[in-house]
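Everything on this sheet refers to the single structure shown next.
The values are calculated or read from the model by the stated rules, or taken from the named source; none is laboratory data. Predicted model, so just to flag it, every value in this text is computed and none were measured. Here Cβ is always computed from backbone atoms with ideal geometry, including for glycine, and neighbour counts include all displayed protein chains. To get the accessible areas, we keep the full protein, side chains included, count just its heavy atoms, and leave off ligands, DNA and RNA. Shrake-Rupley method; radii C 1.70, N 1.55, O 1.52, S 1.80 Å.
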Amino acid sequence: ILTTAERSPTSSNLHAYSIVSVRDRQKKETLAELSGRQAHVAQSSLFLVFCADLYRLSLLNKKRGYPFNGQYTEMFIVATVDAALAADRALIAAQALGMGGVMVGAIRNDPELVSELIGLPELVYPVMGMSLGYPAQPAPVKPRLPLEAISFTEQYDPFTIEQAVADYD
């Protein structure tokens, strides 16, 4: 799962993300509490925290005498997208192995406490968590907006959205 995540696309080959694997029961219980009391976090076999990581880049730049330009919004976006791409690949790999996974955006409810719990240095922040385990039963397929609401040809078409959302509702 982690090897597949590692092979995810990365902007400018910066690898501006890190993954923290959590198996410790107490830490998972705390993460569950911090994530809005989501029981599956504590009950998961493995909980992964996908982090945007500019610390490593700043460290390498300093060591090699290069300037670090991490204060720009673009770097925040690059790191967040890199973490999200790695998380998506990890979920796909887990599902291919017969596991179930739940993305946990609520890991950002209290990023300071989450960061402290898993030892994140400055310039690293949690983007999302993922509960992994083997499901007792197949998960139901959740409904999604129709393609007409999210996919457009040649240009954005706001006129198709209203009908597509009505069809979804």
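Put simply, of 41, 49, 22 the only residue that is touching a Pro at 6+ places or on another chain (Cβ under 8 Å) and open to solvent by less than 60 Å² (accessible area, probe 1.4 Å) is 49. Would you confirm, using the coordinates I've provided, whether residue 62 is assigned to a helix (DSSP H, G or I) and either in contact (Cβ under 8 Å) with a residue 12 or more places away in the chain or open to solvent by 100 Å² or more (accessible area, probe 1.4 Å) (or both)? Criteria met by residue 62. One residue alone among 94, 90, 86, 106 is in contact (Cβ under 8 Å) with a residue 24 or more places away in the chain, assigned to a helix (DSSP H, G or I), under 28 Å from residue 7 (Cα atoms) and in contact with an Asp or Glu (Cβ under 8 Å, 6 or more places away or on another chain), and that residue is 86. Only one of the numbered conditions (1) surrounded by 18 or more Cβ atoms within 10 Å (Cβ to Cβ); (2) among the hydroxyl-bearing types (Ser, Thr, Tyr); (3) free of Cβ contacts under 8 Å to residues at least 40 places away in the same chain is not met by residue 73, and that is (1).
Contact map, segment 1-15: first residue more than 18 Å from residue 131 (Cα to Cα), second residue open to solvent by 80 Å² or more (accessible area, probe 1.4 Å) and not in a loop (DSSP other than H, G, I, E, B), Cβ cut-off under 7 Å, separation 6 or more or different chains; pairs are 7/89; 8/89.
Checking each residue in segment 137-165 for being of a type in the set (Val, Ile, Thr) and either open to solvent by less than 100 Å² (accessible area, probe 1.4 Å) or touching a Phe, Trp or Tyr at 6+ places or on another chain (Cβ under 9 Å) (or both) picks out 160, 161, 165.
Taking segment 111-169 on its own, how many of its residues are free of Cβ contacts under 8 Å to residues at least 24 places away in the same chain and part of a helix (DSSP H, G or I)? The qualifying residues number 17.
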